[in-house]
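The structure appears right after this line, and notes come after that.
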Amino acid sequence: MTLILTAICDDDICVCADTRYEDKKWPEGFRDGFDKIHKFNSYPLIIFNHGVNQFNGRYWDSYCQEYENSGGWGGKNLDVISEEFKKFIEPVVKQQLDFNIKRWPNYGNVRKSGFVLCGKNIQNNKLEMYEFFWDPQPKFPEMYPWSGVRLNGFGTGYDEYLKSDLNHGPDKFVNWNTFNQRQIKSELERLFSIARERKKDRERKNHMEGKEFSDDFIIKSVVE
């Protein structure tokens, strides 16, 4: 239950995320108003999560804050930081997914979780993205790490409302290589709006559907 869009341009990486989390304890089964983008205060790095987002009763971002507070990332290459963060987060992710699979063996959404690190390698000044995905074991995308990628999408909202269009012809939306930070922010907002209108149209036809992500969103960038 999410929609996250990321884009790398010449001078930044921008992340646009909805604010909805799913949890059976809430009246409608979900709640909006959550910040899904964890940005480091003193390093050009953003971390976000998709899929299962609670581990041992704690939301994913509390682990990101714990890792940031440790200071162990200081002065290191982004690829090294990514591998160390994976080692830090993996035990709690695997423990939670194992629990979920045993408790809800027929519910596929509880067995997948991913973390994406978007940042700048301070040693070579390159913008890169690293993803770690458990299903339930770690799987590494063919493009790992991602560098110079035009657009990446994550979550149910992306799969339902944008993925087929963007996979078929992404350049009909924009030539990302020519865009700067201000322009990609504007374009991510536009793409989010397209998905939101498609979601609302589905909800108008059937009020039980169209709940995949919130109507509002947050945008953050690595460099800014």
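The values are calculated or read from the model by the stated rules, or taken from the named source; none is laboratory data. Since the structure is predicted, the reported quantities are computational estimates derived from the model, not experimental observations. No Cβ is skipped: glycine too gets one built from the backbone with ideal geometry, and neighbour counts run over all protein chains shown.
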- Note on the structure: Filtering the stretch 112-154 down to residues that are charged (D, E, K, R) and either touching a Ser or Thr at 6+ places or on another chain (Cβ under 7 Å) or at pLDDT 85 or above (or both) yields Lys112, Lys120, Lys126, Glu128, Glu131
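Restricting attention to the stretch 31-86, which residues are part of a strand (DSSP E or B), in contact (Cβ under 8 Å) with a residue 40 or more places away in the chain and not basic (Lys, Arg)?
Keep residues of the stretch 31-86 that are part of a strand (DSSP E or B), which gives 31, 37-39, 45-51, 54-55, 58-59.
This time we only want the ones that are in contact (Cβ under 8 Å) with a residue 40 or more places away in the chain, so: 37, 39, 45-51, 54-55.
Ile37, Leu45, Ile46, Ile47, Phe48, Asn49, His50, Gly51, Gln54, Phe55, listed by residue number.
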- Item | Residue among Asp201, Asp215 that is assigned to a helix (DSSP H, G or I) and modelled with pLDDT of 90 or more | Asp201
- Note on the structure: Taking the stretch 93-111 and keeping residues surrounded by fewer than 17 Cβ atoms within 10 Å (Cβ to Cβ) and either over 17 Å from the mean Cα position of the chain (by Cα) or assigned to a loop (DSSP other than H, G, I, E, B) (or both) leaves Lys94, Gln95, Asp98, Phe99, Ile101, Lys102, Arg103, Trp104, Pro105, Asn106, Tyr107, Gly108
- Unique residue being in contact with a Ser or Thr (Cβ under 8 Å, 6 or more places away or on another chain) and of a type in the set (Lys, Arg) when the list is Lys24, Lys36: Lys36
- Query: If the Cβ limit is 8 Å and pairs must be 6+ apart or interchain, which residue in the stretch 177-190 that is under 13 Å from Thr6 (Cα atoms) pairs with which residue that is among the acidic types (Asp, Glu) and surrounded by 14 or more Cβ atoms within 10 Å (Cβ to Cβ)?
  - Reply: Gln181/Asp11; Gln181/Asp12; Ile184/Asp12
- Item | Residue in the stretch 203-220 that is aliphatic (A, V, I, L, M) and either within 19 Å of Phe34 (Cα to Cα) or in contact (Cβ under 8 Å) with a residue 12 or more places away in the chain (or both) present | yes
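Looking at Glu90, Glu68, Glu84, which one is modelled with pLDDT of 90 or more, more than 24 Å from Asp135 (Cα to Cα) and either of a type in the set (Asp, Glu) or surrounded by 19 or more Cβ atoms within 10 Å (Cβ to Cβ) (or both)?
Being modelled with pLDDT of 90 or more, more than 24 Å from Asp135 (Cα to Cα) and either of a type in the set (Asp, Glu) or surrounded by 19 or more Cβ atoms within 10 Å (Cβ to Cβ) (or both) holds for just one of Glu90, Glu68, Glu84, which is Glu68.
Here are some residues: Lys25, Lys36. Which one is among the charged types (D, E, K, R) and over 19 Å from Tyr161 (Cβ atoms)?
Details: Lys36 fails: over 19 Å from Tyr161 (Cβ atoms).
Result of the check over Lys25, Lys36: Lys25.
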